[in-house]
1. Here are B:Arg272, B:Arg243: which of them is touching a residue at least 24 places away in the same chain (Cβ under 8 Å), surrounded by fewer than 21 Cβ atoms within 10 Å (Cβ to Cβ), more than 11 Å from chain A (Cβ to nearest Cβ) and of a type in the set (Lys, Arg)?
2. Name the residues in segment B:15-35 that are among the hydrophobic types (A, V, I, L, M, F, W, C) and either surrounded by fewer than 20 Cβ atoms within 10 Å (Cβ to Cβ) or part of a loop (DSSP other than H, G, I, E, B) (or both), would you?
3. Do any helices (runs of 4 or more DSSP H) entirely within segment B:137-212 hold 3 or more residues that are within 11 Å of chain A (Cβ to nearest Cβ) and within 22 Å of the chain's Cα centre (by Cα), and if so, which?
4. Filter segment B:197-233 for residues that are hydroxyl-bearing (Ser, Thr, Tyr) and within 16 Å of the ligand (Cβ to nearest atom); which is farthest from A:Asp136 (Cα to Cα)?
5. Of the residues that make up segment A:82-89, is at least one among the hydrophobic types (A, V, I, L, M, F, W, C) and closer than 21 Å to B:Gln185 by Cα?
6. Could you check how many residues of segment B:343-359 are buried (at least 24 other Cβ atoms within 10 Å of the Cβ) and out of contact with any His (no Cβ under 9 Å at 6 or more places or on another chain)?
7. Could you grab the pairs with beta carbons closer than 7 Å, sequence gap of 6+ or different chains, first residue in segment A:226-238 and in contact (Cβ under 8 Å) with a residue 40 or more places away in the chain, second one of a type in the set (D, E, K, R)?
8. Taking strands (runs of 3 or more DSSP E) that fall entirely within segment B:36-136, which contain at least 3 residues that are away from the ligand (no atom under 16 Å from the Cβ) and either open to solvent by less than 10 Å² (accessible area, probe 1.4 Å) or not β-branched (Val, Ile, Thr) (or both)?
Amino acid sequence: MASKAQMTSKSAAAIDRARAQGRAALIAYLPAGYPSVEESIAAGIAAARNGADLIEIGIPYSDPVMDGQVIQAATTEALANGFRVSQVFDVVAGITSQTDAAVLVMTYWNPVVRMGVDEFSRRLAEAGGAGLITPDLIPDEAAEWMEASDKYGLDRVFLVAPSSTAERMQRTVDASRGFVYAVSIMGVTGARSSVSTAAKDVVAAAHAAGAERVCVGLGVSNADQVREIAAYAEGVIVGTALVKTLGDGGVDAVAALTKDLSTGLSPEEA
Amino acid sequence: MVDAPSADNNAAEAFLQGGSLRHAPGPYFGSYGGRWMPESLIAALDELEETFNKAKDDPEFRAQIADLNKNYSGRPSLLTEAKRFSEHAGGVRVFLKREDLNHTGSHKINNVLGQALLAKRMGKTRVIAETGAGQHGVASATAAALLGLECVVYMGAEDCRRQALNVARMELLGATVIPVTSGSQTLKDAINDALRDWVANVHNTHYLLGTAAGAHPFPAMVRYFHEVIGEEARAQILEQVGRLPDAVCACIGGGSNAIGIFHGFLDDPSVRIYGFEAGGDGVDTGRHAATITLGKPGVLHGARSYLMQDDDGQTIESHSISAGLDYPGVGPEHSYLSDIGRVSYEPITDSEAMEAFRLLCRTEGIIPAIESSHALAGAIKVGQRLAAEDTGTAKDKIVIVNLSGRGDKDVATAAEWFDLLDKDSAESEIGKEGEQL
Ligand SMILES: Cc1ncc(COP(=O)(O)O)c(C=O)c1O
């Protein structure tokens, strides 16, 4: 399963392209439907054309327990504007048709359950999506998703945290495909002034458990932090800072921030 | 809504051949329950599970609980026959399990004392809790004060305003109340914010969840601390009338008082068990909290269970005159007991509950919580159905109702509902906003 998985993983391919250029990959998080469906597509394209190797599209959800205030406010606004879950496939297709970026969907689990795990997976694959990042789904509960992701060739990105035991780390690394998402701190999404030292340890533990690609997220907001993480991880995930920028300055501001963040990806520029 | 006693009993009997229903350990109850939670919290859930499992087999812990139940909460709570109320329930004999007489005025104290003791065993110095109207917040603040723990309570901003006196109560007890302004600013959002706090502070903090819902081990653990209700009730009815009841009734918010009393009778196939959900304005109005009656299975707050959700899986806001039942989810064990047909779940509207509220006040001199009034309204229906059956006379039938709490907190709401207040009074203004004094 592992070798087949690697051959078909769009996320792994995108990370490996960055690695071939001697740098870490940049992953940009943007919520679908914020501030509108069209603008979220435009923002994703702008990020992909300005240095993001992977795009992570979040599905606005009524109960986002892993998100801090900036992302909560954006997704609440998207829902208030009438965002429907099936529009995420339009966003994914809109970005994949215009760029080479691997596009993942980040979603709390209930919207997937409601649509049906198989149906959701089929439509995501049809839209050209790479896979799912699942903040409230652990491998222990993922039997249906393991099956559907194999069937449709999708990546399954589970999270590991500073609190993960060695046993859970192993289990999660084994269940993941594409990359493993290392949560940098114990907390929710939101920009922070410094990246916690815990992140490096989590990445080391994931590597020790056999993960070939580990990307770090939560709290990363500027090029210096990107540089710090790029020194030990295969990818860096930026969310809150981009969402705030999109709200304040629109798509052009997203392009500018992504370009700036991407300067931190190569160690030689340090 | 027609009762089907034979189907009920067949399902229960069939299950009983496979073993007991009473001590389901989790994480799963049929296909419900589990841990639909961020990885960051799994280690804390493991620690809690391990601590709980050890504690429950530790005579010292059990002695501590027994001592607090007796000498602090005032247990055992009484089982009171409601003779005049019974006349309105088809003439069957109705008995009230008096959780309203516990310290702090409801069943909630059973759970908070247990969990606060576990928090201490884990070396945690801080507890956090969610609250709707403030009942669980007050109970948590009480347990924290008693055991010397820091306490932070998350409460919807709108609820804080409406329940200013309960906020004051928590603060008097030394707790900090944080108004929640995210999402719909209701109980479910208070749970979300409590979970966000927990992720960031799990090293020194225990999340003292207030009902038999959430990720494993919460549903089985919260039930364990409330099992005393059912065990006492069973022994008391056997002592007072020499036999088991025909039916047991309880209201369902997340389901903690209900699972506590049901526990005593789940393995007695002759006892029909009923859970009454908040029907709000009526289940066909969209304004209700009848999760099992109308919801669909989904995952929220850590468990797979019935859930009020739209076609996209977004949680729908619930509505009930009773803040304690105003929650769009339900504990996973109830979803399972519903599916296998062991327990019947039915909605009770705001008006039905308020009629039962008034009836109990006038016939028994007991002011019930509006939550518990849903169980009373259900008992009236169950009693009338039992009386209509052709086996035996009504007087030989017995119904136990879990009177989960007292209604002092609900006086302003009730006064407004029954139009008892002078239009210009301050209380009238408060009552309009749903304030519970
Ligand atoms: C008196 C009373 N009864 C019932 C409930 C509902 O909760 P549960 O279903 O967990 O018993 C509450 C909740 O606040 C309550 O205060």
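1. Every option except B:Arg243 fails the conditions.
2. Those that are among the hydrophobic types (A, V, I, L, M, F, W, C) and either surrounded by fewer than 20 Cβ atoms within 10 Å (Cβ to Cβ) or part of a loop (DSSP other than H, G, I, E, B) (or both): B:Phe15, B:Leu16, B:Leu21, B:Ala24.
3. The qualifying helices (runs of 4 or more DSSP H) are B:187-201.
4. My answer is B:Tyr224.
5. Yes, segment A:82-89 contains at least one residue that is among the hydrophobic types (A, V, I, L, M, F, W, C) and closer than 21 Å to B:Gln185 by Cα.
6. Summing the residues that are buried (at least 24 other Cβ atoms within 10 Å of the Cβ) and out of contact with any His (no Cβ under 9 Å at 6 or more places or on another chain) in segment B:343-359 gives 1.
7. A:Ala230/A:Arg23; A:Glu234/A:Arg19; A:Glu234/A:Arg213; A:Gly235/A:Arg213; A:Ile237/A:Glu56
8. Result: B:93-98, B:126-131.
The values are calculated or read from the model by the stated rules, or taken from the named source; none is laboratory data. Computed from a predicted model, the values in this text were never measured in an experiment. Using ideal geometry, Cβ is built from the backbone for each residue, glycine included, and neighbour counts are taken over all protein chains shown. Ligands, DNA and RNA are excluded from the accessible area calculation, which covers all protein heavy atoms including side chains. Shrake-Rupley method; radii C 1.70, N 1.55, O 1.52, S 1.80 Å.
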